[in-house]
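Only one structure is covered here, and it is reproduced in the block below.
FYI, it's all coordinate maths here, none of it is from the lab. Quick caveat: nothing in here was measured; it's all calculated off a predicted structure. As a convention, Cβ positions derive from the backbone with ideal geometry for all residues, glycine included, and neighbour counts pool all protein chains shown.
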Amino acid sequence: MEKVLGRDEGVLEKLFKLNERGSNVKQEIIGGVTTFLTMSYIIFVHPSILSSTGMDKGALITVTCLSAAIGTLISALWANAPFALAPGMGLNAFFTYTLVLGEGITWEDALGVVFMSGVFFFLMAIGGIREKIANCIPASLKIAVTAGIGLFISFIGLQSMGLVVASPATLVTMGEFSTPVVLGVIGLIIAAILEIRQVKGGILIGIVAATVLGIMFGEVILPKTLVSMPPSIAPIAFKLNILGALKISLMGPIFSFMFVDLFDSLGTLIACAREIGLENKEGKIEGLGKMLHSDVISTVIGALLGTSTVTTLSESAAGIAAGARTGLASVITASLFLVALLFTPLVGAVPAFATSPALIIVGVYMFKNIREIDFTDFKIAIPSFITILMMPLTYSISVGLSFGFVAYVVVHAGTGEFDKINPTLWFIGALSFVNLIV
């Protein structure tokens, strides 16, 4: 038995370089499980969001788990990185509420937009173009985009819970405290307290607690079976319309998907890579190219399977904090997503009021870095504020992003600070202006 274990550890050492990264098998398993618990809420929340477009929810549950498992395995085996990939929050909201429900395009065309953004991203990743573009975008706008998406997601969560409803007089107002609303608020309180106390899987526990309460109060009907083979992905897999996405009017959304994913994934990758010691003396990240390629390839595969942009999740930091240092942790995380496929009947029974608190908590996480924006400098404050404000008010990430870039160019050009507007920003500003007009 000891010889077998020793042989297995030798194979793992050769494949994942555990000793070189200062790790061991036990540490990687703990890190991988921690990452899964922290991000597993996506199994419940993502299908709930995308099913609003008319996509089959059962198929979405299966595709969510499959795309997360495949993307995370690519990161593990190709980049040897302890990063987990799954459909990104914010990007799924953009897909659903801006493209399909907002602009009225079909979800098949929207998947085509995601696919094309992934293809363009792959081309940009070659030769480091992606990183160079990211470095040309002011840090304040990057933070503002993330914060605006956080506010938008939280707004959607409050609507889905029923705490915020439409009003003909004021556009929005507070909803009635019905049983589902109260249960959703309780789930939010539980999730918030657990997150504050840094309990792993706090968001997931909040979802489960609200669902259990829903069962007790007759708001949720349990499925006939808790374990079964996962639903077929046939209703949504390979249904993307690539030709339908190649329209002038959809160039803006493709651009928006690219840049939101750029800010999100690149920031996460760099921060997490530094944490595990992959930054060299010159400040370059070892293996960053492979990490970026893993992200891009996962987006293309995800679009083919039938989901919005797959990206590197910031929840990977939780696993790293717990000891994850290599791709072995990601193998563990991916395996748990595959196991979750057997519990799709239970996942499908989770109501919207139970998943809504997750959107609000994730929104808080995305919004919290707003403190890094210098609001004492109006040339920074105005574009940042407009970006953040316009996303929830126009119910569109794309519109908020475009307003932000246009505002940055106009403000700095108007004050004569042309040196703050590099050629890339002029180009992005022009694309944003066209996007707003179209």
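Observations on the model:
- The mean sequence distance of close C-alpha pairs (under 8 Å, at least 6 residues apart), as a share of the length of the chain, puts its relative contact order at 34 percent.
- Comparing mean-square fluctuations of S232, S265, S117 from a GNM of the chain with C-alpha springs under 10 Å, the top value falls on S232.
- Here the convex hull built on the C-alpha positions of region 240-376 has a volume of 197 cubic angstrom per residue.
- Between the listed residues P82, M39, T72, the Cα displaced farthest toward the positive end of the dipole of region 20-363, a dipole computed from Cβ unit charges relative to the Cα centre, is found at P82.
- Of M390, M89, M174, the residue with the greatest mean-square motion in the GNM of the chain, using alpha carbon springs below 10 Å, is M174.
- Amide H within-cut-off set for V172, under 5 Å, with H built and near neighbours excluded: S167
- For V164, residues with placed amide H under 5 Å, excluding near neighbours: Q159, G175
- Over 21 Å [Cα-Cα, region 65-144], rounded percent: 48 percent
- On the basis of the beta-carbon distance and an R0 of 30 Å, E286 and V172 show a calculated FRET efficiency of 0.05.
- Residue (of P253, V212, L431) at the positive-pole extreme of the chain, dipole from beta-carbon charges: V212
- Charge dipole (debye, nearest 20) of region 189-307; +1 at Cβ of Lys and Arg, -1 at Cβ of Asp and Glu: 240 debye
- Built amide H within the under 5 Å cut-off of A324, gap 5+: G31
- 27 Å Cα-Cα threshold exceeded, pairs from K132/K379; K200/K224; K57/K224: K200/K224
- Gain in span if fully extended, S232 to L338, counting 0.36 nm per residue against the direct Cα distance: 36.7 nm
- Between region 150-215 and region 318-335, the alpha-carbon center distance in angstrom: 30 Å
- Each Lys and Arg contributes +1 and each Asp and Glu -1, all at the Cβ; summed about the Cα centre of the chain, the dipole is approximately 420 debye.
- Extent along the principal axes, Cα only, for region 20-363: 57, 51, 40 Å, with the longest axis given first.
- Model label points for S249 and Y365, set 7 angstrom from Cα along the Cα-to-Cβ axis, are 3.6 nm apart.
- Take the chain and mark each of the chymotrypsin sites (Phe, Trp or Tyr not before Pro) that is in a DSSP loop with at most 14 other Cβ atoms within 10 Å; the longest unmarked stretch, sites excluded, is 1-176.
- Rounded if a/c under 1.5, otherwise prolate or oblate - region 316-365, Cα gyration tensor axes: oblate
- For T170, T312, the sequence from fewest to most other C-beta atoms within 10 Å is T170, T312.
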